[in-house]
There are 2 protein chains.
Amino acid sequence: MDIHDLTRDLNTKNDTKIVLLVADGLGGLPQEPGGLTELEIAHTPNFDALVKQGVCGLSLPVLPGISPGSGPGHLGLFGYDPVKYQIGRGALEATGIGFELTSGDVAIRGNFCTLDLAGNITDRRAGRIPTEESSPLVEKLRNVDIPGVEIFVEPVKEHRFVVVLRGVGLAGHVDDTDPQQTGVPPLEPVARDAASERTAEVCSEFVKQARGLLADQPKANGCTLRGVAEKPQLPSYQEVYGLRAAAIAVYPMYKGLARLVGMDVVGEANTLDEQMDVLAANWSAYDFFFIHFKYTDSTGEDGNFAAKVAKTEQLDQSVPRILALNPDVVIVTGDHSTPSMLASHSWHPVPTLLSARNCRTDRCETFGETQCIQGGLGQFEAKYLMSLALANAGRLGKYGA
Amino acid sequence: MDIHDLTRDLNTKNDTKIVLLVADGLGGLPQEPGGLTELEIAHTPNFDALVKQGVCGLSLPVLPGISPGSGPGHLGLFGYDPVKYQIGRGALEATGIGFELTSGDVAIRGNFCTLDLAGNITDRRAGRIPTEESSPLVEKLRNVDIPGVEIFVEPVKEHRFVVVLRGVGLAGHVDDTDPQQTGVPPLEPVARDAASERTAEVCSEFVKQARGLLADQPKANGCTLRGVAEKPQLPSYQEVYGLRAAAIAVYPMYKGLARLVGMDVVGEANTLDEQMDVLAANWSAYDFFFIHFKYTDSTGEDGNFAAKVAKTEQLDQSVPRILALNPDVVIVTGDHSTPSMLASHSWHPVPTLLSARNCRTDRCETFGETQCIQGGLGQFEAKYLMSLALANAGRLGKYGA
């Protein structure tokens, strides 16, 4: 069973507007036992006002104890069971650089490596060559030519690139060719099922031609392929929720994740203020708006408690511009916690607020982890947030008679 | 999907130590409405100190409203979905008397019964003959000889014994032979699937030879077989969590349950103090320690409120010896509630505390049912306790990129 089996049948149309404001990595930890978290220290009068008229809770991005990456973290918020729907590493990497995968594409993470005369790997990352040096080599790899397959090669960073194969009869179950050690040659690409045999052949030919194209390179004279993955098949927001959904994000990864569930990526915002401009400009054309704010996560990843507090306060200041548009449902949450004290994603449940006319408020007064424990939403798996959003927007009919 | 599908891939090694202290039947009820439970009345300064620096919640052993036996109660705590993984009655009975089942074994509960001259049952429990009388009869039954099958017969108590069949081609789907009434003969063992036909034949032959061996007995001149069950196939702690796990228990049932999930049963403790000695002696050799304390359950089963309070206080006194070893994660919980007022296992969620450096504390101040309602772990299915333990020990990597 999937919540989509219900929302698909029960969703109904109306004129309501739903805003999902995602503060990436929102949840935190105090600096000392018994202290306050980043969110609790931050001065957030606008969030707090929403809390007083809304309902709070703690969202479990995947399941208790599981620290998600951005992929599963966002799939959960979007209402897709992040254990059922998995985005393969190649597909996520392509998504992260803004490559628009189409159905049937197979995406692969590539690494430049250094090979000796015998063909053994001496450096699995080609000395981590700088991006300025690897980008021209990516251009060279675009000369790989394999009949029947359209091949895209895109730079990522340093020794990393992405390969996308487009053609008929390709599947994504091919083992990595990186042997995870030096002194041995790269592995041959091996298909794990019959449907992926053509992909394995194409990978093998790609690597062979790449060696020819890179033969004169001092460091990056070979490559390995990892994380071979098809474009994930995710039902669309239109289909499962009946929503015309817009994504307003700055970073390619989040635009890409939104595209995978059928959201339109709108605007070209580079700042939070510009994101609010884009929101206003697209207000009449969509029912649902996913707004992504990266910096609560990046400051947490940096282990910078004060900076995370400041970024949280900055996001709070965007709320009046959202409310000026008179949304029916406003949700503020994160895709996971990124406590500055851990400088990494974590498993801790994520403070969440939902404000809507008929949400049934609780006694929470301010937005923070400890308050949210007492919230009316309780602790819930993130995948149920969208059905709550739809219900509060009056967009879900009765189940059964 | 199973949480093990995630923990199996994500578990990582480090030097942390996790202690799971199980107070059997911990949860309780007040003696009058609005009063305090056994745990709330008990003076537990050590638990309370852990609560202040830890995070609390209420554990649902199976699902809301379900009162578990010891088997499902412990499987849940060990992180095994107690609905997915079931231990058949015969296997649980064998486990409970300390019989070490090996893979492929079929275990069966046997009852001595009284048969009349026509072969009809006149007493399904052979007058509940005392154990001293039934044990020599169990010895007699060890003379049953069936080619190709090794047969173990072990006494349990009064009219009850255990039969274990060991051999090739045995499966556990055979119906009970106890007709649940007198005046009729025992039923023939019937296989419910083709794989169990050999087992049914062996059971039939066992009963036949048993009648011969018992023919001169005045009361126990026959037997019935019930709860035929294979040894359950449970993935091991090593495989699903990457943990070297030790079990420190006094009673055979809990040693046996721990063995079923691949824990080593260490020491020969008969008292809580001896259990703490065993813990200290094995501290360096294991990552995870399951310590079982029976008497919070047995006093609850006895309906002895004051005794349960006293046993709870006794357990609290063991905490300093655990903390002296400097564990990274300490969990105190129960496998189910056994309220003295009900004198039986119950469905009530179980007070749980988890103490670890980065656990994100809540406002709970003392260990008790009402405080735990406000805890940061919320109410959670017991099967997620192990992923929380691993996460808090830094033993789970990130899920997805």
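Some points to look at:
- Residue in the stretch A:304-318 that is within 14 Å of chain B (Cβ to nearest Cβ), in contact (Cβ under 8 Å) with a residue 60 or more places away in the chain, among the polar types (S, T, N, Q) and open to solvent by less than 10 Å² (accessible area, probe 1.4 Å) present: no
- Filtered residues of the stretch A:101-116 (kept if among the charged types (D, E, K, R) and either closer than 17 Å to residue A:161 by Cβ or facing chain B (nearest Cβ under 10 Å) (or both)): A:105, A:109
- Counting only strands (runs of 3 or more DSSP E) that sit wholly inside the stretch B:101-210, those with at least 3 residues that are at pLDDT 95 or above and within 25 Å of the chain's Cα centre (by Cα) are B:106-115, B:149-157, B:160-167.
- The listed residues are A:277, A:328, A:316, A:302, and the only one of them that is of a type in the set (D, E, K, R), modelled with pLDDT of 95 or more and touching a His at 6+ places or on another chain (Cβ under 8 Å) turns out to be A:316.
- Scanning the stretch A:277-303 for residues that are assigned to a helix (DSSP H, G or I), closer than 27 Å to residue A:345 by Cα and either open to solvent by less than 10 Å² (accessible area, probe 1.4 Å) or aliphatic (A, V, I, L, M) (or both) turns up A:296, A:297, A:300.
- For the stretch B:383-401, taking the residues that are charged (D, E, K, R) and in a loop (DSSP other than H, G, I, E, B), the one that is nearest to the other protein chains (Cβ to nearest Cβ) is identified as B:398.
- The criterion of being more than 23 Å from the chain's Cα centre (by Cα), more than 29 Å from residue A:308 (Cα to Cα) and assigned to a loop (DSSP other than H, G, I, E, B) does not hold for residue A:232.
- Qualifying residue in the stretch B:8-17 (condition: open to solvent by less than 10 Å² (accessible area, probe 1.4 Å) and at negative phi): no
- For the stretch A:93-117, the set of residues classified as touching a residue at least 24 places away in the same chain (Cβ under 8 Å) and of a type in the set (A, V, I, L, M) consists of A:94, A:97, A:101, A:106, A:107, A:108, A:115, listed by residue number.
- For residue B:141, the criteria (1) farther than 30 Å from residue B:386 by Cα; (2) without any contact (Cβ under 8 Å) to a residue 60 or more places away in the chain hold in every case but one, which is (2).
- Positions within the stretch A:179-189 being crowded, with 17+ Cβ neighbours inside 10 Å and more than 17 Å from residue A:106 (Cα to Cα), in sequence order: A:186
- Yes/no for residue A:158 being without any contact (Cβ under 8 Å) to a residue 60 or more places away in the chain and surrounded by 15 or more Cβ atoms within 10 Å (Cβ to Cβ): yes
- Boolean, residue A:345 is in contact with a Pro (Cβ under 7 Å, 6 or more places away or on another chain), within 14 Å of chain B (Cβ to nearest Cβ) and within 24 Å of residue A:54 (Cα to Cα): no
- Residue within the stretch B:56-65 that is farther than 16 Å from residue A:64 by Cα and among the polar types (S, T, N, Q) present: no
- Qualifying residues in the stretch A:366-377 (those that are among the hydrophobic types (A, V, I, L, M, F, W, C) and not in a helix (DSSP H, G or I)) - the one farthest from the other protein chains (Cβ to nearest Cβ): A:367
- Verdict on residue B:160 being within 16 Å of residue B:94 (Cβ to Cβ) and not aromatic (Phe, Trp, Tyr): yes
- Answer from A:52, A:13 - the residue that is assigned to a helix (DSSP H, G or I) and in contact (Cβ under 8 Å) with a residue 40 or more places away in the chain: A:52
- Consider the stretch A:259-276 and keep the residues that are more than 16 Å from residue A:241 (Cα to Cα) and charged (D, E, K, R). The one that is least open to solvent (accessible area, probe 1.4 Å) is A:274.
- Selection of the stretch A:71-87 for residues being assigned to a helix (DSSP H, G or I) and at the interface with another protein chain (Cβ under 7 Å from one of its Cβ atoms) yields A:71, A:72.
- Qualifying residues in the stretch A:190-222 (those that are β-branched (Val, Ile, Thr) and surrounded by 18 or more Cβ atoms within 10 Å (Cβ to Cβ)) - the one nearest to residue A:101 (Cα to Cα): A:199
- Scanning the stretch A:319-369 for residues that are crowded, with 20+ Cβ neighbours inside 10 Å and of a type in the set (Ser, Thr, Tyr) yields A:333, A:337, A:338, A:340, A:346, A:352, A:355.
- Scoring residue B:380 on the criteria (1) touching a Pro at 6+ places or on another chain (Cβ under 8 Å); (2) in a loop (DSSP other than H, G, I, E, B) leaves a single failure, condition (2).
- Within the stretch B:164-178, not a single residue is farther than 18 Å from residue B:202 by Cα and open to solvent by 20 Å² or more (accessible area, probe 1.4 Å).
- Residue within the stretch A:90-98 that is at pLDDT below 95, more than 14 Å from chain B (Cβ to nearest Cβ) and in contact with a helix residue (DSSP H, G or I) (Cβ under 7 Å, 6 or more places away or on another chain) present: yes
- Taking the criterion of being open to solvent by 10 Å² or more (accessible area, probe 1.4 Å) and within 14 Å of chain A (Cβ to nearest Cβ), the residues of the stretch B:18-57 that qualify are B:49, B:52, B:53.
- Counted residues, the stretch A:84-132 - those being buried (at least 20 other Cβ atoms within 10 Å of the Cβ) and under 28 Å from residue A:382 (Cα atoms): 13
The values are calculated or read from the model by the stated rules, or taken from the named source; none is laboratory data. The model shown is predicted, which means the values in this text are computed figures rather than measured ones. So basically every Cβ, Gly included, is an ideal-geometry build from the backbone, and we count neighbours across all protein chains shown. Note: areas computed on protein heavy atoms with side chains; ligands, DNA, RNA excluded. Shrake-Rupley method; radii C 1.70, N 1.55, O 1.52, S 1.80 Å.
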